[in-house]
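Note sheet for the following structure.
The values are calculated or read from the model by the stated rules, or taken from the named source; none is laboratory data. Here the structure is a predicted model, which is why all the values come from computation and not from measurement. As a convention, Cβ positions derive from the backbone with ideal geometry for all residues, glycine included, and neighbour counts pool all protein chains shown.
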Amino acid sequence: MRRVALAVLLGAISGLQAQPLVDFPTGNRALVEGRPQDFYMFVERDFEGEKSRPWQGGQFGFVRGPRRSSDQLTFIQLHEGIDIRPVRRDAQGEPLDQVLAAAAGKVVHTSRAPGASNYGRYVVIEHRWDNAPYYTLYAHLASIPVEPGQTVRQGEPIGVMGYTGAGINRERAHVHFEVGLLLSQNFEAWHEAHFAGSPNQHGLFNGLNLAGTDPSRLLLEARRNPNLKISDHLTGGEPFFSLIVNDSPNFSLIRNYPWLVAKGEIANPPAWKITFSRAGLPMKVEAVKDRVAEPVAVWVKDTGSAVVATTKGLITGSPAAPRLTDSGKRFARLLTWPD
């Protein structure tokens, strides 16, 4: 039953025979066996004078960077994937787990320089589900045996688990795993215009250009619903904020993921309202009848916490009067660059 449900999760890739998904994406099956503490790698935390190692910090979402305001505890640091523990180590404690392709697809990026990003050595694979491109990312690898352009099968080894990247030691060795979509086909030009002093070494597959969903929730939903469509999963989460951008021929998001726009919306409207999850994943795109002078925030969920702390720093102000921050304006411009 597990293999059937997981195979449905990521489906067949055009021209490739679908294989059962290897559990997300190593031999660690603790998540589906009800032992999340043995699935997620803990984080080191020193908060209010108390040191701890909560496994919850290995989950997806705002699970890091605790801040207390009055009697309310808020986590302000977004973890954009999940951290999966090794299940095998040698006598010295080195992880031995192979990292496996979550689904059949094409390797589109490998970063072999450990210091080139916080991801350390990482691999990105492109898949097609619901006739749209999706991406899985595997980070902190010790070694990478695959090359860009290479086709891989589901379950095929694409690396060995390690602890390359910032802030990770051998004890905390894990694979950081993401599932997401691409924000812009013109990311490289946008990055050059906005971060001229910081060269982009990862092309389109820089983490700034990948918006993720919770891989664990996706896995568990597919087990409950063998007929789950990936598009239904991505549009079925909790909306958190919305912004408006003018229409542009460079708005590749709706070309790659046309189901973001509901049937019946007018084609090529003056502007678009985009609604995002708290993690910044586009969930819905709606036509707007009037152009805007510049990208603008129009709605944010009221949580009782500071807006800037709950929107990846993209929005400030208040739920009644949200405003894009400078980073929020850059983010909005990315979606239609060059606008």
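When only residues in the stretch 181-240 that are small (Gly, Ala, Ser), in contact with a His (Cβ under 9 Å, 6 or more places away or on another chain) and assigned to a helix (DSSP H, G or I) count, which is farthest from Phe60 (Cα to Cα)?
Taking the candidates together, the pick is Gly203.
If we scan the stretch 107-114, do we find a residue that is in a loop (DSSP other than H, G, I, E, B) and within 16 Å of the chain's Cα centre (by Cα)?
Checked the stretch 107-114: no residue is in a loop (DSSP other than H, G, I, E, B) and within 16 Å of the chain's Cα centre (by Cα).
When you scan the stretch 141-180, how many residues do you find that are touching a residue at least 60 places away in the same chain (Cβ under 8 Å), part of a loop (DSSP other than H, G, I, E, B) and β-branched (Val, Ile, Thr)?
0
Sort through Thr275, Thr311, Thr316 and tell me the only one that's in contact (Cβ under 8 Å) with a residue 24 or more places away in the chain, buried (at least 18 other Cβ atoms within 10 Å of the Cβ) and in a strand (DSSP E or B).
Within the list Thr275, Thr311, Thr316, the selection yields Thr275.
Does the stretch 120-140 hold any residues that are closer than 13 Å to His202 by Cβ and either part of a strand (DSSP E or B) or at pLDDT below 95 (or both), and which are they?
Those that are closer than 13 Å to His202 by Cβ and either part of a strand (DSSP E or B) or at pLDDT below 95 (or both): Arg121, Tyr122, Val123, Val124, Tyr135, Leu137, Ala139.
Exactly one of (1) crowded, with 19+ Cβ neighbours inside 10 Å; (2) at pLDDT below 95; (3) farther than 25 Å from Arg330 by Cβ is unmet by Gly212. Its number?
All conditions are met except number (3).
Within the stretch 71-97, work out how many residues are among the polar types (S, T, N, Q), closer than 23 Å to Gly212 by Cα and in contact (Cβ under 8 Å) with a residue 60 or more places away in the chain.
1
Has the stretch 182-197 got any residue that is surrounded by 15 or more Cβ atoms within 10 Å (Cβ to Cβ), closer than 30 Å to Pro338 by Cα and among the hydroxyl-bearing types (Ser, Thr, Tyr)?
Taking every residue of the stretch 182-197 in turn, at least one turns out to be surrounded by 15 or more Cβ atoms within 10 Å (Cβ to Cβ), closer than 30 Å to Pro338 by Cα and among the hydroxyl-bearing types (Ser, Thr, Tyr).
Does any residue in the stretch 257-272 that is over 15 Å from Met283 (Cα atoms) and in contact (Cβ under 8 Å) with a residue 24 or more places away in the chain come within less than 9 Å, Cβ to Cβ, of a residue that is surrounded by 14 or more Cβ atoms within 10 Å (Cβ to Cβ) and among the acidic types (Asp, Glu) six or more places away or on a different chain, and which pairs are these?
Pro270/Asp247; Ala271/Asp247
Just the residues that are farther than 30 Å from Val63 by Cβ and in a loop (DSSP other than H, G, I, E, B), please, taken from the stretch 285-308.
Hits for the stretch 285-308 are Lys289, Asp290, Arg291, Val292, Ala293, Glu294.
Looking at Asp46, Asp83, which is the one that is modelled with pLDDT of 95 or more, outside any loop (DSSP other than H, G, I, E, B) and either buried (at least 19 other Cβ atoms within 10 Å of the Cβ) or not assigned by TED's automatic domain parsing to the domain that holds Leu208 (or both)?
Every option except Asp83 fails the conditions.
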